Structures are given as structure tokens and as C-alpha cells.
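Shown next, in C-alpha cells, is the structure this report addresses.
The values are calculated or read from the model by the stated rules, or taken from the named source; none is laboratory data. Only a predicted model underlies this, so the values are computations on that prediction, with no experimental measurement involved. Neighbour counts are summed over all protein chains in view; Cβ atoms, including those assigned to glycine, are modelled from backbone coordinates with ideal geometry.
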Ligand code: TYC
């Protein structure tokens with residue numbers, strides 16, 4: 001693979017090899033002739049990385065394990081949706097037992113809203129859609145939304 005760019009830092013030279021760091025990556029270069037590295041540094045060949053010449057390289061391995069973002073699903077109060085319907089929604093879509101579902105419904109009723117669960121983006125989105133669809137089907141104005149944690 002041909003590569004033309006200027007190395008930021010020549011870290012090591014050995015025989016006809018040079019080791020340079022470009023944009024945080026270590027490359028092994030093969031010089032094209034006997035001249036100095038600087039003269040030839042825009043004229044090198046990038047080598048494969050499958051030999052053991054990298055021993056002792058100073059670059060840090062990149063270990064990126066990002067924590068998934070989580071989303072709160074919120075249920076909002078209104079004056080018309082029947083309490084039993086809300087309890088049913090909490091049982092059916094959020095796996096909440098009947099007593100706890102009643103308590104949570106009352107919390108929404110009295111305080112205006114409550115978090116009914118925390119999920120990954122897609123799961124939260126699905127739950128919101130399911131609740132809104134069922135409410136619409138039964139012509140209740142129940143509102144369910146999601147928010148980044
Ligand atoms: N406030 C509604 C009523 O009195 C009950 C209700 C509870 C509605 C929770 C929505 O998310 C809600 N019938």
C-alpha cells in the first residue's frame with residue numbers, strides 16, 4: 001500500500017528501517033535508498049504489522065468500550081385516562097406487579113409524572129411507541145415520553 005505523508009516524529013532508525021509516529025499510529029518504514037530519512041520521508045512504503053518488530057513500541061493500545069447511553073421513560077398525568085388503564089399499561093409493558101403498578105400510577109396522578117423505567121435507546125423508544133399506540137387505540141390522552149438519563 002503506498003502512502004505519502006509527513007511523519008510527525010521519527011522515533012527510531014535502524015539499518016534501512018525507520019519507525020515513525022503519524023497521527024498516534026506507529027509505522028515501520030523502508031527507506032527507498034541510502035539517503036537520509038528526512039529526504040525520503042514522503043516516499044515510503046507502509047509495511048504490514050504482522051511481524052514481531054513492534055516489541056517495545058511506545059503507543060498506548062486503544063481500548064474503547066463505551067458505556068451505552070440510557071433513557072428514562074416517563075409517564076405523564078392527565079385528567080381523562082382511567083386509572084385502571086394506566087395500571088394495565090404499567091403491568092403489560094413495564095413488567096410491574098399490580099400493587100407496585102397501582103402505587104406508580106398514583107404517583108403520576110398526584111405528582112404529574114414519574115419515571116417508569118430506564119432502558120437502552122431502542123427499548124425505551126419501543127415502550128413509548130407501544131404505550132402511545134394502545135392509548136390512541138382506546139382514545140385516551142395518556143402521554144409517555146423518553147429522556148436521556
Ligand atoms: N389522572 C387520571 C385520572 O384521574 C389518572 C392517570 C394516572 C392518568 C396516571 C394518567 O399517567 C397517568 N383518571
- Message: Tell me yes or no: at least one residue of region 114-122 is more than 12 Å from residue 72 (Cα to Cα), surrounded by fewer than 15 Cβ atoms within 10 Å (Cβ to Cβ) and touching a residue at least 12 places away in the same chain (Cβ under 8 Å).
- Response: no
- Taking region 133-142 as the region of interest, how many residues are surrounded by 12 or more Cβ atoms within 10 Å (Cβ to Cβ) and within 12 Å of the ligand (Cβ to nearest atom)? 3
- strands (runs of 3 or more DSSP E) contained entirely in region 6-119, each with at least 1 residues that are within 16 Å of the ligand (Cβ to nearest atom) and at pLDDT 75 or above: 70-76
